[in-house]
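A short worksheet on the structure shown next.
The values are calculated or read from the model by the stated rules, or taken from the named source; none is laboratory data. Please read all numbers here as calculations on a predicted model, not as lab measurements. Every residue, glycine as well, gets a Cβ built from its backbone with ideal geometry; the counts of neighbours run over all protein chains shown. Side chains included, ligands, DNA and RNA excluded: accessible areas come from the protein's heavy atoms. Shrake-Rupley method; radii C 1.70, N 1.55, O 1.52, S 1.80 Å.
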Amino acid sequence: MPRTRSRAEALATAVALKPNEWGSDFRAQQPAASTPRTVAVLGGQCRWERRSLPESVLASLSRYSEIPAAGGKGELKVSAAVTVHKTVRDADEQLASTLEEPLRCREQQVRTDERIAKLISAATPYGQGNNTYSDDQVVEIGSYLTGNGEQTYSWYVTRIGTVTLAVSVKGAKGYSDAELGTFASRANVTMLDRVESELGGEN
């Protein structure tokens, strides 16, 4: 596993999906990526914000993509994030926080005009359910709220060693839950494969 900031940043850059890697119809949102050397934090007012990396994190990168509204369909937004922690315990704590956040904040402000609500979460450690591919995974589902109404929201946070991967899909008019689930699962599998490929024999 990465032990230096430079190696961790290189891993995050290589693994986090770019727009075309989600599919040919995707393009970059604005902004296209998170501010360097920051991490997403759910603040005390249930508002998501970027803060400087804590001591426990070596690197973190989020990339934001979308399919523009067209042909009667709404604008579909997705994100792919990679966070490299110093220790397995630090990475475990991120998943524990993810699991607990819906209890603390049933409704969360993502951006000025975007909220997520009616949130529930569940954890699936390795060996339970269908999880044979990661050390642990937390799935959060709920509703995505904008001025255009209410859609499906899902967030998958997966851990391999000290690395956590996060995929979010914010539904839009004209997309079925099955389509949204396919986007999320493909992105998750692709990033998992990349982590294993990048790390090779590292431990």
Open item on the list: When the residues of region 47-56 are narrowed to those that are of a type outside the set (D, E, K, R) and loosely packed, with under 14 Cβ neighbours inside 10 Å, which ends up farthest from THR162 (Cα to Cα)?
Closed with: SER52
TODO: Those residues that are open to solvent by 20 Å² or more (accessible area, probe 1.4 Å), under 13 Å from the mean Cα position of the chain (by Cα) and either among the aliphatic types (A, V, I, L, M) or closer than 14 Å to ALA172 by Cα (or both), I need them from region 57-80; list them, please.
DONE: LEU61, LYS77
- [ ] Filter region 126-148 down to the residues that are farther than 19 Å from THR182 by Cα and in contact (Cβ under 8 Å) with a residue 12 or more places away in the chain, then identify the one that is surrounded by the fewest Cβ atoms within 10 Å (Cβ to Cβ).
- [x] GLY147
Task: Tally of residues being free of Cβ contacts under 8 Å to residues at least 60 places away in the same chain and either open to solvent by 30 Å² or more (accessible area, probe 1.4 Å) or not hydroxyl-bearing (Ser, Thr, Tyr) (or both) across region 21-46 - done: 18
Task: Yes/no for GLU93 being among the acidic types (Asp, Glu) and touching a residue at least 40 places away in the same chain (Cβ under 8 Å) - done: no
TODO: Please tell me if GLU9 is acidic (Asp, Glu), more than 27 Å from ILE116 (Cα to Cα) and in contact (Cβ under 8 Å) with a residue 40 or more places away in the chain.
DONE: yes
Open item on the list: Tell me whether region 163-176 contains one or more residues that are open to solvent by 60 Å² or more (accessible area, probe 1.4 Å) and not aromatic (Phe, Trp, Tyr).
Closed with: yes
TODO: Quick one: which strands (runs of 3 or more DSSP E) lie wholly within region 90-203 and hold at least 2 residues that are closer than 30 Å to THR4 by Cα?
DONE: 136-146, 149-160, 163-170
Task: Boolean, ARG3 is open to solvent by 80 Å² or more (accessible area, probe 1.4 Å), over 19 Å from ASP136 (Cα atoms), modelled with pLDDT under 95 and out of contact with any Pro (no Cβ under 6 Å at 6 or more places or on another chain) - done: yes
